[in-house]
Amino acid sequence: MRARPRRGAIGRTLLGLGLLLALGAAAACGGGGEKTNGLEKLPAAEVGSRTLTALRSAPGVHVVGSEEDPSSDSPARYDLVMSATTTRGTIEEYGQRTQLVKIADDTYVRRGRSFYTATGDRDAADLLADRWVRLAPADAAKYSYFTLGKLSDSLGTYLVGLTGGVRREKAGGARAVRAAAPDGTAFVVANTGPAYPLRITVAGSSTNQMTFDDYGPAAAVTPPGSAVDLSSLG
């Protein structure tokens, strides 16, 4: 008569097989979570390049930036939603707040009376305070940086400083990688899905910090009503 296998032995065998299958599946998925986009395997400069390519082609993104240099001509802080053709939000510069709307080549701003009186132009304050203004091209050029394309292009100058490998980290609970330069410039980039930037620090004569979130199609932006068109004034 044949001996019956003990139930305990069979159970242990099945349990061991199950553990092996589970461990194999976890290893295939990079530790059981969503599969990475492979940035952790690339040199820092390549991570930066892929990041800016992804940013430039994003359907939309919320960007908050600040600059730690009171002597700079650049805005001290901005909070904007950008897409390929539109930008809307606020900019704070020299203690003054500007509301901004960009649609293709048209740039509109709305500023308080204090913005105009600070320049000594009381006539402009009487005419333009708290009203939407369509800027003439020469004045609008100041805000050309605030588009996905221009922002990506400007950050491209810092790619050459990104050296070595990258390290993994968490950014707001999300899996990310960090590509950095010796001067403190750093790109923190999503390690799953598109290589979207999550946080960028640019070091130099001033330090710029930018955070990126809410990637996706941006809401439609329309020209502000009853805007004063400065390009048509003599």
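The values are calculated or read from the model by the stated rules, or taken from the named source; none is laboratory data. Just so you know, these numbers come straight off a predicted model, no measurement behind them. Note that each Cβ is placed from the backbone with ideal geometry, even for glycine, and that neighbours are counted across all protein chains shown. The accessibility values were calculated without ligands, DNA or RNA, using every heavy atom of the protein model including side chains. Shrake-Rupley method; radii C 1.70, N 1.55, O 1.52, S 1.80 Å.
Among the residues of the stretch 199-234, those that are aliphatic (A, V, I, L, M), outside any strand (DSSP E or B) and out of contact with any Gly (no Cβ under 6 Å at 6 or more places or on another chain) comprise 219, 220, 221, 227, 230, 233. Candidates 141, 124: the one that is farther than 25 Å from residue 204 by Cβ, assigned to a helix (DSSP H, G or I) and small (Gly, Ala, Ser) is 124.
Only one of the numbered conditions (1) over 27 Å from residue 105 (Cα atoms); (2) assigned to a loop (DSSP other than H, G, I, E, B) is violated by residue 189, and that is (2). For the stretch 191-227, a residue qualifies if it is buried (at least 16 other Cβ atoms within 10 Å of the Cβ) and over 23 Å from the mean Cα position of the chain (by Cα), and the qualifying residues are 224, 227. Residues in the stretch 144-180 that are out of contact with any Leu (no Cβ under 9 Å at 6 or more places or on another chain), in a loop (DSSP other than H, G, I, E, B) and either open to solvent by 40 Å² or more (accessible area, probe 1.4 Å) or at pLDDT below 95 (or both): 144, 147, 163, 164, 173.
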